[in-house]
Each structure stands twice: as C-alpha cells, then as structure tokens.
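S.K.: The structure is given below, and queries will be raised subsequently.
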Amino acid sequence: MATLLRSKLSNVATSVSHKSQAKMSGMFARMGFQAATDEEAVGFAHCDDLDMEHRQGLQMDILKSEGSEEGGEPPLEGDIHYQRDGTGPLPPSASKEACSELSGQGKPKITAWEAGWNVTNAIQGMFVLGLPYAILHGGYLGLFLIIFAAVVCCYTGKILIACLYEENEDGEIVRVRDSYVDIANACCAPRFPTLGGRVVNVAQIIELVMTCILYVVVSGNLMYNSFPNLPVSQKSWSIIATAVLLPCAFLKNLKAVSKFSLLCTLAHFVINILVIAYCLSRARDWAWDKVKFYIDVKKFPISIGIIVFSYTSQIFLPSLEGNMQNPKEFHCMMNWTHIAACILKGLFALVAYLTWADETKEVITDNLPSTIRAVVNIFLVAKALLSYPLPFFAAVEVLERSLFQDGSRAFFPNCYGGDGRLKSWGLTLRCALVVFTLLMAIYVPHFALLMGLTGSLTGAGLCFLLPSLFHLKLLWRKLLWHHVFFDVAIFVIGGICSVSGFIHSLEGLIEAFRTNAED
C-alpha cells in the first residue's frame, strides 16, 4: 500500500510539472516558438511531447502492476501495455484523480494565425533558395508551376483534412481519424488494414532523411563557397558539419532545440530580404530577355521536384488542424498561407533569376558578391545546423515506433530498457543514421538533384497522389462531379510529373555518383 501511495504521489507531482511545462509551452506558442521550422514539413511540434508520453506510459504500467499486487481489480484484457496513441482505456487500479491528471494532459490549442505560422515555416523555409535555379531551366513555365503547385497543395491539404471526418448516425460531421497514417489505413481496410500506414511511414522516413542530407549538403556547399581560398574542400566542410551534428544521436526531446526555431526563421526572412534588396539594387541590369517560354527538356523535370518539395506540408496538417482552437478556420488559413507563399516564392525566384540570368547557381546565395556572401552563408549554415535535429529526431521516432516499439508487431527488440533509457545498440543505430546522411552528402553533393529527387518521389506522392486517391476512396459517394474531376486530374498530372522528375533526377544522381567515384 505504501508503494502504491508513493507511486500516486509521484504521478501527481509529475502531472503538476507537466502542467507547468504546458503553461510555458503556451507562453512560447503565443510568442511563436511552437512553430518548429522544418521545410520538409513534418509535424515536429508532436516530437516535443514524446518524452512526456513515454514517461506517462511507464507510470501507468507501474500503477497497474502495483494495483494488482495490492489486491485491486485485475487489468482488463488487452490493456496490459500502454498505448502511445492514447486510445486505450485507463488502468483500473489508478484513482480517478490520478487518471484524470494523466488523461487530461493535452497540447495548448493554437489560433489560426499560429497554425498559419507553422504552415508558413514549412513552405517558406530555406529550400526556396533553389527556386531561381528552377526558373533557369523552366522560364515562365517555371513561374506558372510555382503558382500551380501552390493551388494544388492548398486543395490537397483541404481534402486530406476532409478525409478525417465522417457522418455519424445523427448526420453530424465528426472527426474519426487523427493522422495521415490513419487515413491511409482506412483506405486499405479491411483486407490490408496496416498497409497504407506503412507506405506513408516509408515515404515520411525517406523525406525526413533526405531533408537531413540536404542540410548537410547545403552546409558544405555554403561554407566552401564562402571561403574559397581556404584549403578545405566541400566534402571536408560536410564532414565538419556532421561532426557538429553527431550529438543529435543523444537527443531525448527537442525542447532545447525548438527554442531557437523562431530566431532561425526570423534570420532566414532577413536573409531573403537582403537577397531581394541586392537584386533590386541591380534592377537596371535585369535580363528580361533571358526569361522565355521554353524549357530544358532534360533538366526541367528536376525543377518540378524542386518546386513541389518547397510546398510539402501535408504530412503534419492533420495534427495541426486537430490542435486548432477553431478547426473551421483551417480552410481560410490554408488559403492565405499558400497565396502568400505563391507570391513571395514567385517574386523571389523571378527577381533573383533576372539579376544573374544564366549564371544562376543551385543555391542562389552563392551568386552574391564575396563581400556579403560569407556573412549571409554563415547565417544560413547556422540555420541549417539548428534545423537538422528536427527532421532527424522525427525520422528516428518513426523508425523506433514502427520497428522497435510496435508491441507484438515490432520487427526487432525494444531499443529502450525498462527504465526508459536508450540501449547502447539503439544509440549506435542513431549514430549510423547521422553517418549515413554524411556519406550521401559526400558522394552526391548536388543540392538541386537531391531536392528534385525527393520532391518527385515523396513530395509528389504525399502532396498530390495520396490525398486525391484517399479522397476518392473514402468520400466518393458524397463528392460532386467537379471534385471527382479535380481529384482524377491531380492524380494523373501528379503521377506524370512524379515519374518524369524522378527518372531525370535519378539519372543525374547516378551520373554525379560515377563522376565522384572516378575522382
């Protein structure tokens, strides 16, 4: 009995601590700190709560086991293990007060403006630095594609959220799903109830890992072009950057890192303003005659992937919409965020290309004069290094949950010990993932090719193909004819663009890999 009392007191104390953290999180949220910056657009705000959920799960298991030892009611069948999604019943041995403290914990709701800030961070990140390179190979068609991608991604984001809801017996629209994975599993049920979720998880992992690789590539590229006179190659700069990032393998949560997210985002906006200001100062020399209605057949498909990748945010929209104070404002929020993104991206890409024309490089800041290039690039490298832990931690969490912690369906033993600490071999796998991002950055140090490949493979799939397919599958009986037409058109066009961009990007990567191997 004394042990149970100590456990309950510890549980309540932990709950009070979590309430305090929630208040602090709410304060940071009002200041904008909840907007974790990651251009690959994954719901990284969820990652900050993983450690809290894990600790709560351990406490719930302790309460259940000790309650049964003290003669309490036995646990219900199927309730032996803590369910991470929170849908499982609470332990019967816990008091109502303790259970309410645990189950009542929720993320502070955010306003439409704060949700828009998260979306803006996802689609207005540092990867817009590659958009002028897309205009180089697409001309006015590249500008049209920036607008088209904004319209399509806004539409598919809305229909993806529509797939979360269904009508109940009373005719009311209720939320019956919580995530992209839930939607995918519902589409494949009942024959393959987990296939869709696994496909989405694989796509998500690929996009997250490729985002980490891009951060290493861009760090090496920017440092090499900032200090060309130093006897340090781009590969060496990438190795130095990875050495700085290696402590990411020891991360338990992202609270310390996420505090820098607002500063990183503000710094990036300042850099964009500096680039545009420099371009405007050379407006008299703009090469309007270089922008034409033609495309480079070999390289323009890569530009498609670059543009699509810069708009990816669908993977975390279900979580974002579920945490809004007024979910009815979601559509309006999607409209103004994507309109703003379309205008800013189009102007940035066009102005930068007009300034440097055929000399436009993969990362536009490399075109700046050496006097200001080093300062701007150092800020960008700092932002890239601070942003790396976000997709890395999310990728690790998905891998651990699906391969090591999925109960009886896990492929490998649990990588965490009974005390919640990461086992040594689990830490080794995390370090191996960091090293893998380095190896990819060394052997394929091409920012545009990697970005185009990722956008064509996972970006188009998660933003174009799967949302339209899921919308048709789940809600086809209630869709109007023009919705069906839009969904089919997006699926077909997205499929063509995805296959074309993937093939050309892969060819370019293979050629680059062979060249580097020969050198």
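The values are calculated or read from the model by the stated rules, or taken from the named source; none is laboratory data. Given the structure is predicted, the values throughout are model-derived calculations rather than measurements. Here the Cβ is made from the backbone with ideal geometry for all residues, glycine too, and neighbour counts use every protein chain on show. Protein only, heavy atoms only, side chains kept; ligands, DNA and RNA dropped before computing areas. Shrake-Rupley method; radii C 1.70, N 1.55, O 1.52, S 1.80 Å.
S.K.: For residue 324, what residues show an amide H to amide H distance below 5 Å, using hydrogens built from the backbone and excluding near sequence neighbours?
M.R.: 110
S.K.: What is the percent carbon and sulfur in the accessible area of the range 108-239, measuring with a 1.4 Å probe over the protein chains and ignoring ligands?
M.R.: Answer for the range 108-239 is 64 percent, counting heavy atoms of protein chains only.
S.K.: Still on this structure, I have one more. Taking a quarter of the surface of the Cα convex hull of the range 119-216, what do you get in nm²?
M.R.: 8.8 nm²
S.K.: In Å², what does the accessible area per residue of the range 179-290 work out to with a 1.4 Å probe?
M.R.: Here the per-residue accessible area is 50 Å².
S.K.: Roughly how many nanometres apart are two label points built 7 Å out from the Cα toward the Cβ at residue 175 and residue 144?
M.R.: Label at residue 175, label at residue 144, 3.9 nm between them.
S.K.: Shifting gears a bit: Any idea what diffusion coefficient the range 442-503 gets from Stokes-Einstein, in µm²/s, Kirkwood Rh on alpha carbon pairs, 37 °C, 0.692 mPa s?
M.R.: 260 µm²/s
S.K.: Moving on. Place the peptides 124-131, 485-492, 440-447 in order of packing, highest mean first, counting for every residue the other Cβ atoms within 10 Å and averaging per peptide.
M.R.: Values: 124-131: 24.1, 485-492: 16.1, 440-447: 21.2.
Per-residue mean Cβ counts within 10 Å order the peptides as 124-131, 440-447, 485-492.
S.K.: Another question, if that's okay. From the phi angles alone, apply the Karplus equation (6.51, -1.76, 1.60; θ = phi - 60°) to the range 463-480 and give each ³J(HN,Hα) in whole Hz, x where the residue is Gly or Pro.
M.R.: With coefficients 6.51, -1.76 and 1.60, one gets 9, 10, 6, 5, x, 5, 5, 5, 4, 5, 5, 8, 10, 5, 5, 9, 7, 6 Hz.
S.K.: OK, next. Relative contact order of the range 253-367: what whole-number percent is it, with Cα pairs under 8 angstrom and at least 6 residues apart?
M.R.: So the answer I get is 47 percent.
S.K.: Taking a temperature of 10 °C and a viscosity of 1.306 mPa s, what whole-number D in µm²/s does Stokes-Einstein yield for the range 295-374 with Rh from Kirkwood over alpha carbon pairs? Intermediate results must be reported in sequence, preceding the final value.
M.R.: On the way: Rh = 15.6 Å.
Diffusion coefficient, whole number: 102 µm²/s.
S.K.: Across the range 138-148, in residue order, what do the Karplus-derived ³J(HN,Hα) couplings come to in whole Hz, using 6.51 cos²θ - 1.76 cosθ + 1.60 with θ = phi - 60° and x for Gly and Pro?
M.R.: In residue order, the calculated couplings are x, x, 5, 5, x, 5, 4, 5, 4, 5, 4 Hz.
S.K.: So, one more: Residue 507 label point, 7 Å along Cα→Cβ, cut-off 13 Å on backbone N: hits in the range 261-300?
M.R.: 296-300
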